[in-house]
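This report concerns only the one structure given below.
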Amino acid sequence: MISRTMGEEKKHKVRLEPVDIEIEVGEEETVLDAAFRQGVMLMHG
């Protein structure tokens, strides 16, 4: 799903499975950056 408010960048909703968490990811950011911005800690490395 894509949502946009006038004057804002396009955002995508991403669902993380199997934990069933949904985050919004901006057009110019990574999923990892978006997750951290929203307080969701993802394993990476």
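The values are calculated or read from the model by the stated rules, or taken from the named source; none is laboratory data. These numbers were taken from a predicted model, which means no experiment stands behind them. In this analysis, Cβ positions are derived from the backbone assuming ideal geometry, glycine residues included, and neighbour counts consider all displayed protein chains.
Quick look at the values:
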| quantity | calculated |
| --- | --- |
| Single residue of the range 17-45 satisfying the filter (outside any loop (DSSP other than H, G, I, E, B) and among the small types (G, A, S)) that is surrounded by the fewest Cβ atoms within 10 Å (Cβ to Cβ) | G26 |
| Flag if M6 is at pLDDT below 90 and either aliphatic (A, V, I, L, M) or within 10 Å of the chain's Cα centre (by Cα) (or both) | yes |
